[in-house]
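Each remark here refers to the structure printed beneath this line.
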Amino acid sequence: MILGIETSCDETAAAIVVRDQFGQSVIRSNVVRSQLDEHAAFGGVVPELAARAHVTFLDHIIAQACREANIALGDVDAIAATAGPGLVGGVLVGLTTAKALAAALDKPLLAINHLEAHALTARMTNGVQFPYLMLLVSGGHSQFVLVRGVGDYERWGTTIDDALGEAFDKVAKLLTLGHPGGPAVEAMAKQGDPRRFKFPRPLLREARLDFSFSGLKTAVRLQAEALAPLSDRDVADIAASFQAAVAEVVSVRARQALDRFKAELPAAAPQLVVAGGVAANRAIAAALTTVCNKAGATLIVPPIALCTDNGAMVAWAGAERFALGVADGFDVTARPRWPLDLPDMKVNYHGS
Ligand code: KG4
Ligand code: ZN
């Protein structure tokens with residue numbers, strides 16, 4: 001039974017998750033406090049405000065997670081916290097809290113890579129077996145990762161500029177749809193004509209599995225400026241045309257990634273797991289469903305509350321590591337950057 005703590009962005013979260021000897025999970029509690037209100041006036045996440053809100057609320061969120069799970073803190077077997085990547089002030093709050101609790105309760109500490117937590121979530125929710133391909137699309141990341149095992153990752157592609165969720169947020173901002181932008185753009189797009197504007201599909205002709213969204217975002221801005229002042233119709237059509245461009249880019253890339261998966265792992269059943277907040281987008285999910293059907297691949301989208309940032313995914317990643325005998329020292333540090341395919345992610349890593 002693991003306590004998981006997540007504070008790497010604008011959610012203060014804690015959860016109690018049990019993993020049994022067969023790898024089955026029970027989420028005993030999963031408490032998430034979003035800081036949307038704190039940041040609303042600024043049109044985006046302000047790191048210093050985020051860190052302060054984590055300080056204010058984390059103790060209470062942990063207490064609530066224990067209460068809802070009907071346990072005392074001392075009942076847990078280990079304490080897991082996101083140690084990066086993320087906004088370092090917030091990561092420090094969660095990691096330091098975890099260290100203090102681990103020291104006071106004499107429990108093992110697990111310093112979790114946030115991306116690993118997203119990557120392993122589908123094993124908690126759907127019992128997915130290794131290996132699988134993960135598409136992580138959130139406000140901070142857009143990447144394809146081959147997940148071979150706990151700690152064993154190969155990054156096949158990433159974004160060379162904006163993350164996909166970030167592109168949604170920026171487009172929403174320039175269409176004055178508010179923050180977070182993804183859901184607002186999706187809602188507007190439903191009423192718009194996706195064929196009115198032919199926005200660029202960046203990098204699509206190249207074989208690499210990388211993304212680029214800044215050129216698309218610029219094209220959207222130029223179009224909006226050319227039409228200003230925008231009517232409701234214009235806003236809806238721009239949103240719909242932007243979303244159509246993104247859905248096409250994501251589905252072409254997913255097809256290429258699945259082709260590579262089948263070529264490199266011919267014995268494995270092709271599986272695509274989607275993680276991150278953008279997984280909530282129905283147009284993108286529909287495009288991925290089509291791609292997977294055509295490729296004979298299984299598409300796994302965990303419940304959306306577990307795709308966005310939460311404590312249960314951190315607890316689960318901790319549980320998977322703990323089951324393999326991993327524990328971290330109190331000298332681990334908060335890391336703003338921490339790619340998944342570094343050697344120190346490996347379960348048997350003992351320093352360089
Ligand atoms: O995973 P997440 O909750 O937080 C991190 O960034 O780690 O993802 C949030 C991102 C935001 O950029 C938000 O605009 C985007 O996911 N998002 C969406 C949708 N819902 C959330 N993007 C497109 N369509 C949506 N329905
Ligand atoms: Zn995340």
**OP:** Given the conditions (1) open to solvent by less than 10 Å² (accessible area, probe 1.4 Å); (2) more than 16 Å from ligand 1 (Cβ to nearest atom), report the number of the one that Ala245 does not fulfil.
**Re:** (2)
**OP:** Could you please find all residues in the range 278-287 being near ligand 1 (Cβ under 6 Å from one of its atoms) and either surrounded by fewer than 24 Cβ atoms within 10 Å (Cβ to Cβ) or under 9 Å from Leu136 (Cα atoms) (or both)?
**Re:** Val278, Ala280
Original post:
Of the residues Leu133, Leu110, which is under 15 Å from the mean Cα position of the chain (by Cα) and either more than 16 Å from ligand 2 (Cβ to nearest atom) or crowded, with 19+ Cβ neighbours inside 10 Å (or both)?
Top reply: Leu133
Original post:
Which numbered condition trips up Leu342, out of (1) open to solvent by 20 Å² or more (accessible area, probe 1.4 Å); (2) at pLDDT 95 or above; (3) away from ligand 1 (no atom under 14 Å from the Cβ); (4) aliphatic (A, V, I, L, M)?
Top reply: (2)
Subject >> Single condition Ala63 does not satisfy, out of (1) out of contact with any Cys (no Cβ under 8 Å at 6 or more places or on another chain); (2) of a type in the set (Gly, Ala, Ser); (3) touching a residue at least 12 places away in the same chain (Cβ under 8 Å) >> reply: (3)
Original post:
Just a yes or no: is a residue in the range 87-106 within 16 Å of ligand 2 (Cβ to nearest atom) and open to solvent by 50 Å² or more (accessible area, probe 1.4 Å)?
Top reply: yes
Original post:
Within the range 288-318, how many residues are open to solvent by 30 Å² or more (accessible area, probe 1.4 Å) and part of a helix (DSSP H, G or I)?
Top reply: 6
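Would you check if there is a residue in the range 62-71 being open to solvent by 40 Å² or more (accessible area, probe 1.4 Å), part of a loop (DSSP other than H, G, I, E, B) and under 24 Å from Gly277 (Cβ atoms)? Step through it out loud before you land on a result.
Step one: list which residues in the range 62-71 are open to solvent by 40 Å² or more (accessible area, probe 1.4 Å), which gives 63-64, 67-68, 70.
In the following step, the residues that additionally are part of a loop (DSSP other than H, G, I, E, B) were identified as 70.
Within this subset, residues satisfying the condition of being under 24 Å from Gly277 (Cβ atoms) are none.
For the range 62-71, residues open to solvent by 40 Å² or more (accessible area, probe 1.4 Å), part of a loop (DSSP other than H, G, I, E, B) and under 24 Å from Gly277 (Cβ atoms): absent.
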**OP:** Return a yes/no flag: does the range 177-197 have any residue that is open to solvent by less than 20 Å² (accessible area, probe 1.4 Å), among the hydrophobic types (A, V, I, L, M, F, W, C) and either touching a Cys at 6+ places or on another chain (Cβ under 9 Å) or closer than 30 Å to Phe130 by Cβ (or both).
**Re:** no
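Out of Leu203, Leu209, Leu222, I need the residue that is away from ligand 1 (no atom under 15 Å from the Cβ) and on the phi > 0 side of the Ramachandran plot. Which one?
None of the others qualify; the one that does is Leu203.
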**OP:** Filter the range 268-277 down to the residues that are small (Gly, Ala, Ser) and assigned to a loop (DSSP other than H, G, I, E, B), then identify the one that is most open to solvent (accessible area, probe 1.4 Å).
**Re:** Ala269
Subject >> Pair list, Cβ < 7 Å and 6+ apart or interchain, from the range 69-92 residues that are free of Cβ contacts under 8 Å to residues at least 24 places away in the same chain to residues that are of a type in the set (A, V, I, L, M) >> reply: none
**OP:** May I ask you to list the residues in the range 1-55 that are open to solvent by less than 30 Å² (accessible area, probe 1.4 Å), of a type in the set (S, T, N, Q), out of contact with any Pro (no Cβ under 8 Å at 6 or more places or on another chain) and within 15 Å of ligand 2 (Cβ to nearest atom)?
**Re:** Thr7, Thr12, Gln35
**OP:** Tell me, please, whether a residue that is hydrophobic (A, V, I, L, M, F, W, C) and touching a Leu at 6+ places or on another chain (Cβ under 7 Å) can be found in the range 19-37.
**Re:** no
Original post:
With respect to Val278, is the statement that it is more than 16 Å from ligand 2 (Cβ to nearest atom), of a type in the set (A, V, I, L, M) and under 29 Å from Ala189 (Cα atoms) true?
Top reply: no
Subject >> In the range 93-144, the residues that are away from ligand 1 (no atom under 16 Å from the Cβ), among the small types (Gly, Ala, Ser) and in a strand (DSSP E or B) >> reply: Ala111
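The values are calculated or read from the model by the stated rules, or taken from the named source; none is laboratory data. Bear in mind that the values here come from a model prediction, so they are computed numbers and not experimental data. We place every Cβ from the backbone using ideal geometry, glycine too, and count neighbours over all the protein chains shown. The protein model used for the area step is the full one, side chains on, heavy atoms only, and it has no ligands, DNA or RNA in it. Shrake-Rupley method; radii C 1.70, N 1.55, O 1.52, S 1.80 Å.
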